[in-house]
Amino acid sequence: DLVLVAGLYLMQPAALITAQLAGAALALVLHRRQSGLKLAFNLAQYAFSGCLATVLFAALAQDSALSGAWNWVAGLAAVAVSTLSAGLCIFAAISLSQGYLGLRALPRMLALSMPFALAMAAFGLLAAQIAMQNAASLILLALPSVLLISAYRAYAKAREQQNNLRLLHEVDDACQCRLA
């Protein structure tokens with residue numbers, strides 16, 4: 001989201017979508033070792049979300065400069081739409097693969113991803129502003145970027161562990177009820 005919002009200001013839409021897909025493909029193939037249908041789905045989801053973001057940004061932004069609050073709102077709205085569409089696509093894929101639509105999970109999923117996406121988008125706006133004024137100053141954003149991403153990953157991991165423990169407790173309770 002940081003890169004997406006900065007790219008909305010600093011790149012042409014086609015170049016932004018191409019760069020976003022290339023980066024995602026590299027990460028998904030090399031880091032996550034994805035292939036086949038899962039890789040195709042994830043890349044299509046990135047392309048769809050990125051296209052929605054660029055279209056909304058083009059419709060709302062008054063110019064391509066970071067000249068005012070309205071353009072900041074346009075960038076944040078574009079990231080919000082991108083995050084929402086990605087979340088809906090992922091939710092639909094999970095629901096289809098599991099064979100049921102657990103709608104209660106969707107708000108929780110979005111509640112976890114949306115605040116982080118908007119925070120990173122605001123950080124991306126700051127990065128774009130700095131890049132337009134003095135690109136060498138971008139180095140100052142490296143440490144806070146790493147800290148933000150690390151904090152989010154730690155939070156997500158702790159939340160996942162908590163959910164796994166809750167599920168284990170529920171299974172244990174169910175097994176004990178059957179034994180009794």
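General observations
- Probe 1.4 Å, accessible area per residue of segment 52-176, Å²: 63 Å²
- Rel. contact order, % - alpha carbon contacts under 8 angstrom, at least six apart, the chain: 26 percent
- Relative to the longest principal axis of the Cα atoms of the chain, the long axis of helix 142-179 makes an angle of roughly 20 degrees.
- Choice from Ala78, Ala119, Ala27 showing the highest fluctuation, given a GNM over the chain with Cα pairs closer than 10 Å: Ala27
- Principal-axis analysis of the Cα atoms of the chain puts helix 36-60 at an angle of about 40° to the longest axis.
- Exposure of Leu88 as accessible area (Å², to 10), given a probe of 1.4 Å and all protein chains: 80 Å²
- Overall form of segment 79-175 per C-alpha gyration tensor (a/c, 1.5; a/b vs b/c): oblate
- Helix 105-133 axis, angle to the chain major axis (alpha carbon atoms, nearest 10°): 20 degrees
- For the chain, the share of accessible area belonging to carbon and sulfur comes to 69 percent (1.4 Å probe, ligands and nucleic acids excluded).
- Taking the helices alone, the chain has a mean residue ellipticity at 222 nm of -28500 deg cm²/dmol, built from -39,500 (n - 2.57) per DSSP H run of at least 4 residues and averaged over all its residues.
The values are calculated or read from the model by the stated rules, or taken from the named source; none is laboratory data. From a predicted model like this one, the values you see are computed outputs, not experimental measurements. All accessible areas refer to the heavy atoms of the entire protein, side chains included, with ligands and DNA or RNA removed. Shrake-Rupley method; radii C 1.70, N 1.55, O 1.52, S 1.80 Å.
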